[in-house]
Amino acid sequence: MSSRTSNRIFDIVNITFVSLFVLFCLLPFVHMIAVSLSSNRAITSGEVTLLPVELNWGAYTQVFSDHSMLTSLGFTIMLTLATTLLCMLFTIAAAYPLTKGKLKGRKFFMYLIVITMFFSGGIIPEYLLIRDLHMLNSVWALILPGLVSPFNLIILITFFKNIPPSLEESAEIDGSSYLHTLMKIVLPLSLPVMATLALFYAVGRWNGFQDALMYITDPQIYPLQLKLFQMVQNNMVTELTQMEGANRTALTPEALKAATVVFATVPILCVYPWLQKYFVSGVMLGAVKG
């Protein structure tokens with residue numbers, strides 16, 4: 001078998017596998033959208049598959065009319081932005097010094113970071129720590145425990161090490177400080193990995209609900225995913241319909257759940273197009289090669 005034929009077969013198999021994988025990922029979400037836009041009769045009779053049956057916007061009307069859901073959405077957006085900004089700031093501040101051989105105890109710090117990836121104190125000690133720090137029912141309980149991800153930190157350290165040393169050496173000869181070199185040379189060359197890690201932090205915070213489930217009891221600071229989780233697990237449909245002066249149209253729980261899932265998923269999906277260019281761009285385009 002020739003090399004061209006082998007490559008063609010590999011491409012066909014690869015494209016087929018990736019296409020099937022994409023379909024498996026998309027079909028449940030498409031079905032969820034169809035359920036959220038279908039009538040009660042079509043949902044209860046099991047007629048809905050991938051397309052809405054008897055188009056009905058009632059579920060979205062209920063969701064967008066619920067003041068608590070909109071408040072939770074706004075809070076989650078602000079929480080995600082603040083968490084991503086602080087996480088990136090502290091990850092960069094930890095990663096850059098750990099790439100320098102002059103830093104005493106660098107290997108010891110790296111061992112400590114790696115150990116946390118395999119061992120943790122557990123949920124109960126973590127809860128007791130948050131309680132003793134008086135952070136229960138506080139935004140800081142959702143930010144500080146995951147401020148630096150060891151996995152993301154190691155990725156950033158590895159990336160910084162691959163930047164040609166000649167760039168930093170040239171800046172040092174010109175009298176540049178470490179902070180100035182980091183801001184003017186290292187970070188501009190690190191936009192692809194910075195965008196990737198920021199996306200990891202943002203998606204992790206947006207989808208997170210376990211920490212809020214343990215630390216937050218104040219409905220005013222419920223993240224969106226916690227609100228969705230409670231509705232799905234406890235069938236809290238009445239919470240969506242208890243609106244002052246609202247027309248309580250009878251809707252199936254499945255329609256409300258599907259509409260809420262779509263409502264909670266679409267905002268974070270809108271982030272991807274803004275960061276996509278950094279994933280496909282060259283990491284070191286235009287940089288001086290040492």
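The values are calculated or read from the model by the stated rules, or taken from the named source; none is laboratory data. Computed from a predicted model, the values in this text were never measured in an experiment. Positions of Cβ are backbone-derived with ideal geometry, glycine not excepted, and every protein chain shown enters the neighbour counts. Accessible surface is based on the protein model in full, side chains and every heavy atom, while ligands, DNA and RNA are left aside. Shrake-Rupley method; radii C 1.70, N 1.55, O 1.52, S 1.80 Å.
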key: Failed condition for Ile33, given (1) over 30 Å from Ala259 (Cα atoms); (2) among the hydrophobic types (A, V, I, L, M, F, W, C); (3) touching a residue at least 24 places away in the same chain (Cβ under 8 Å)   = (1)
Among residues of the range 59-81, those that are open to solvent by 40 Å² or more (accessible area, probe 1.4 Å) and within 15 Å of the chain's Cα centre (by Cα), counted = 3
Search result, residues across the range 6-30 that are open to solvent by less than 60 Å² (accessible area, probe 1.4 Å) and over 30 Å from Ala255 (Cα atoms) = Ser6
query = How about the range 31-58: which of its residues are surrounded by 14 or more Cβ atoms within 10 Å (Cβ to Cβ) and among the hydrophobic types (A, V, I, L, M, F, W, C)?
reply = Met32, Ile33, Ala34, Val35, Leu37, Ala42, Ile43, Val48, Val53
ask   = Out of the range 30-40, which residues are touching a Leu at 6+ places or on another chain (Cβ under 7 Å) and not in a helix (DSSP H, G or I)?
value = Leu37
key: Segments classed as helices (runs of 4 or more DSSP H), wholly inside the range 41-160, with at least 1 members that are under 22 Å from Met194 (Cβ atoms)   = 67-95, 106-115, 140-143
ask   = Which one is least open to solvent (accessible area, probe 1.4 Å), of the residues in the range 161-170 that are assigned to a helix (DSSP H, G or I) and closer than 25 Å to Ile113 by Cα?
value = Pro165
message = Looking at the range 134-151, I want the residues that are over 12 Å from Ala212 (Cα atoms) and have a partner that is at pLDDT 90 or above and in a loop (DSSP other than H, G, I, E, B) with Cβ atoms under 9 Å, at least 6 apart or on another chain. Which pairs are those?
response = Leu144/Leu133; Leu144/Met135
query = Give me the pairs: first residue in the range 207-219 and farther than 17 Å from Ile77 by Cβ and in the same structural domain as Ser68 (by TED's automatic domain parsing), second residue basic (Lys, Arg) and open to solvent by 40 Å² or more (accessible area, probe 1.4 Å), beta-carbon distance under 9 Å, and six or more apart or on different chains, which are they?
reply = Tyr215/Arg131
request  = Starting from the range 55-71, keep only residues that are over 17 Å from Glu254 (Cα atoms), then list their pairs with residues that are open to solvent by 70 Å² or more (accessible area, probe 1.4 Å) whose Cβ atoms are within a distance under 8 Å, requiring at least 6 positions of separation or different chains.
outcome  = Ser68/Pro219; Leu70/Phe64; Thr71/Gln220
key: From Thr76, Thr84, Thr99, Thr91, residue being on the phi < 0 side of the Ramachandran plot and at pLDDT below 90   = Thr99
task = Go through the range 171-190 residue by residue and tally those that are open to solvent by 60 Å² or more (accessible area, probe 1.4 Å) and in contact (Cβ under 8 Å) with a residue 24 or more places away in the chain.
result = 1
